[in-house]
1. With each pseudo-label sitting 7 Å past Cα toward Cβ, what's the B:ASN18-A:ASN238 distance in nm, one decimal?
2. On a full-extension model of 0.36 nm per residue, what is the gain between A:GLU266 and A:LEU204, subtracting their alpha-carbon distance, rounded to one decimal in nm?
3. Could you bin all the Cα-Cα distances of segment B:1-160 into 5 Å bins starting at 0 and give me the percent of pairs in each, rounded to whole numbers?
4. Output needed: percent of Cα pairs per 10 Å distance bin for the protein assembly as shown, bins running from 0 to the one holding the longest distance.
5. Using only the alpha-carbon atoms of segment A:1-90 as identical scatterers, what base-10 log of I(q)/I(0) does the Debye formula give at q = 0.12, 0.14, 0.16, 0.21 Å⁻¹?
6. About the Cα centre of chain B, how large is the charge dipole given +1 on each Lys and Arg Cβ and -1 on each Asp and Glu Cβ? Please answer in debye to the nearest 20.
7. On average, how many beta carbons from a partner chain sit within 10 Å of the beta carbon of a residue in A:167-176?
8. Taking every pair of alpha-carbon atoms in segment A:155-305, what share in percent sits in each 5 Å bin, from 0 to the bin with the longest distance?
Number of protein chains: 2
Amino acid sequence: MRCIRCRGPAVIEIRRHNSALCKDCFPHVFREQVRKAIRRYEMMTPQDRVLVAVSGGKDSLALWDVLLDLGYRAEGLYLGLGIGDYSDRSGSVAKAFADARGVSLITVDLRTEYGYDIPTAGRRGARSTCAVCGLSKRYVFNRVAVERGFDVVATGHNLDDEAATLLGNTLRWQTASIARQSPALPARDGMVKKVKPLHRLSELETAAYAFLRGIDYVVEECPLVAGNTQLRYKDAMNAIEAGSPGTKAEFFLGYLDRGMPLFRGEDAPALTRCERCGQATTGRFCAFCRARAQILGERLEITAPRTSAVGAPDPTDAELASELPDEVLPVELYGR
Amino acid sequence: MRCIRCRGPAVIEIRRHNSALCKDCFPHVFREQVRKAIRRYEMMTPQDRVLVAVSGGKDSLALWDVLLDLGYRAEGLYLGLGIGDYSDRSGSVAKAFADARGVSLITVDLRTEYGYDIPTAGRRGARSTCAVCGLSKRYVFNRVAVERGFDVVATGHNLDDEAATLLGNTLRWQTASIARQSPALPARDGMVKKVKPLHRLSELETAAYAFLRGIDYVVEECPLVAGNTQLRYKDAMNAIEAGSPGTKAEFFLGYLDRGMPLFRGEDAPALTRCERCGQATTGRFCAFCRARAQILGERLEITAPRTSAVGAPDPTDAELASELPDEVLPVELYGR
């Protein structure tokens, strides 16, 4: 197998493109795909302060690596989830990467700052562990970005993540969530801009990139993720992809071209400020503060009765997920 | 396990409804689901002449059985595909059902009437066997219905079929095909009304109904269907369903409620008459006549140059499938 660019020995075959690349050309092509995504969706400018959500896994470190190589002002944010050794290793790996590249890594510890960790939240809260973890990440990333004056938050979602999320949203016709699956969500009241520069690249490709670039990353999966619905969607997509290479890319990139325009107008909730923390929310208290209060056994202060709150049932995971206009971050972001 | 209606011994468990039913109550509930589908989509009236596309498989015979029990004027149409013993058995089973119920069965043989059979078409044509088979069925069903004055064509597509087709259409964002996946397509120039009264019932449920009603049907799969894409989509849906019972129903019925309205306007091709056979088409010659000419090695007469035809490449399966506003009939219709 020969590299289609230089005819050297290929190290990776990309079936959906019916092509193969060598160890030098592949990282180049990978970077070009990121550059293309950034340009097409006007994700960031060289002047922007970019906050990369770094988990210590292959995707987020590959993303940070590429953004630095492309000359962006990319700082990292690592959120300590308190998942035992797994989190400890993830934090060390993220720190080592930052030190080696001489760039800044902000670290926030969920227990220190907010009084709980993910294993506790999974046991005590009404949400699934993955739901509350995703919610916590979205909240902290946005809050840190807003408070520290970043222009954009970049996450390492790859094509497999996006296809699996889109499949899950489509199987339930969650039209508001589908509408929000753009690779670039503009800033709006209290919500910083969010971008996904790796959305055109598969999980295999980000792993190959990280490997070829010699990036040390945490390979193991989050130990709490077993049975996660997102993983089932990935399995289903992989089974279809095996029979029809290119389906994943056709599904997600086809959605961006032909599907997304039809869903415009499905995502326009009015945002207000959470009475507890001041962050953006569609309700009175944001989903994060409600979930946190439940985990910590606190009551959110009720200052006046509101029609929508009286006798209303506890929000479901779906409602909760919809409160911040971004989908739940897939598990990969924290170490897969 | 007890029947939720009469507390007798249950014979079937319906996980997505978290319920179980006995051998007498299940057929009743099954019929009620069909009645509900017919009412909601105004599929037919007791005065309508209904043509049931009968394959000899469980779905189409269950459908015919229910429609007769509900008092509809339902006649059968069996299309001989020429697939060896498999077609012979399918034809006999359909005939036996019609005789036992004392109802009329129209039989059309593809080779006698149109000069080819499906195995030949699969070998000689440019389309896949399943594509040309689906095209042939759609064409003949519509043509017979139009020529013999039927008001509506009813097909035995079940929930599994519809979910798999919708998955395939959605994975490729074929928005026109998605828009057409209504359980009832109204009549329009040259196209008779098409309905799918079993769309709320799973494959397992139609099999159970046929079994409990003592209907003799062809159980074996079409021998030409191995590797069919639709089957891969069914496998993927079944894998997801196993982890999250109800996903299939949520996907297809959720589409009808929340998805379909967004796709309105995506399906409005102008129809004209095929210069060869007079049936509805979006082009000069209909997809059926083009495929048939190719199979038989004939040339369709070119009487005058037309811009769209000059130098135009041969249509793809997708274009071909889009020429008659109905999706390709799933393989089950012919014996699964």
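1. So the label points at B:ASN18 and A:ASN238 sit 3.2 nm apart.
2. Taking A:GLU266 through A:LEU204 to full extension adds about 19.1 nm, to one decimal.
3. P(r) over segment B:1-160, rounded to whole percents: 2, 8, 15, 18, 17, 14, 11, 8, 5, 2, 1, 0.
4. Whole-percent P(r) values from 0 Å outward: 3, 14, 22, 21, 17, 14, 8, 2, 0.
5. -0.52, -0.67, -0.80, -1.00
6. On the way: 46 positive and 42 negative charges, 107 e Å.
Dipole size: approximately 520 debye.
7. For peptide A:167-176, the averaged partner shielding equals 6.
8. Once binned at 5 Å, the Cα pair distances of segment A:155-305 give 2, 8, 13, 16, 16, 16, 13, 9, 5, 2, 1, 0.
Each value in this text was obtained by applying a stated rule to the coordinates, not by laboratory testing. The shown structure was predicted, so the numbers you read here are calculated from the model rather than taken from an experiment. No Cβ is skipped: glycine too gets one built from the backbone with ideal geometry, and neighbour counts run over all protein chains shown.
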